[in-house]
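The values are calculated or read from the model by the stated rules, or taken from the named source; none is laboratory data. Keep in mind that this is a model prediction, so the values were computed, not measured. So basically every Cβ, Gly included, is an ideal-geometry build from the backbone, and we count neighbours across all protein chains shown.
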Amino acid sequence: MIELRPHHVSLFAEYFLRRPKDYYGKIQGINLGQKFLSIVYPTSEYMVNKYGVDFTLGVQRLWEKIIAEPQTEIKVVKALDTICKSGCEEYDESCNIPDEGNDLKHIENIGIQIDKIYTSESLIGIIKSEALRIKIQLLSK
């Protein structure tokens, strides 16, 4: 089971919604330098600069697993998650403290619940629905 903090669910949503439509499954065998990452994943340049290329690629591989395996279970958690535990160089004790205000913002924006287990497919469905709702709101203004 993959565990994700709410703000990491938001990062996954950004990755899923902004990556090129023909990108599915192409992570292996391609030059994954910083320039390539910035094109595929808009947040990558920031992540590479803060966390390093290897960590950023690990996160990108996790995102691709979530997309490729629709029955993967994902639990939304308050504390350390799969990403935090996968070698984040910025990890310190403050990471163990739930960021209630920040998490609440992401929970409300996406419509997810703490401690709930989703399949990849259902989480992607929520992300798509929320993206469509926001797009419709913007078009109606």
Report summary line: Of the residues in the range 104-128, those that are hydroxyl-bearing (Ser, Thr, Tyr) and either in contact with a helix residue (DSSP H, G or I) (Cβ under 7 Å, 6 or more places away or on another chain) or without any contact (Cβ under 8 Å) to a residue 12 or more places away in the chain (or both) come to Ser120, Ser122
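From the residues in the range 20-33 that are closer than 24 Å to Glu90 by Cβ and surrounded by 14 or more Cβ atoms within 10 Å (Cβ to Cβ), which one is modelled with the highest pLDDT? Give the derivation first.
Kept after step one, since they are closer than 24 Å to Glu90 by Cβ, are these residues of the range 20-33: 27, 32-33.
Filter once more, keeping what is surrounded by 14 or more Cβ atoms within 10 Å (Cβ to Cβ): 27, 32.
Values: Ile27: 41, Leu32: 44.
Restricting to residues being closer than 24 Å to Glu90 by Cβ and surrounded by 14 or more Cβ atoms within 10 Å (Cβ to Cβ), the top hit is Leu32.
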Query raised in the report: How about the range 99-131: which of its residues are under 22 Å from Pro70 (Cα atoms), part of a loop (DSSP other than H, G, I, E, B) and either of a type outside the set (Gly, Ala, Ser) or touching a strand residue (DSSP E or B) at 6+ places or on another chain (Cβ under 7 Å) (or both)?
Result: Ile112, Gln113, Ile114, Asp115, Lys116
**Report entry** Selected residue [surrounded by 12 or more Cβ atoms within 10 Å (Cβ to Cβ), out of contact with any Gly (no Cβ under 9 Å at 6 or more places or on another chain), in a helix (DSSP H, G or I) and at pLDDT 80 or above] from Leu37, Leu80, Leu57
**Finding:** Leu57
Query raised in the report: If the Cβ limit is 9 Å and pairs must be 6+ apart or interchain, which residue in the range 68-88 that is without any contact (Cβ under 8 Å) to a residue 12 or more places away in the chain pairs with which residue that is crowded, with 17+ Cβ neighbours inside 10 Å and of a type outside the set (S, T, N, Q)?
Result: Lys85/Glu3
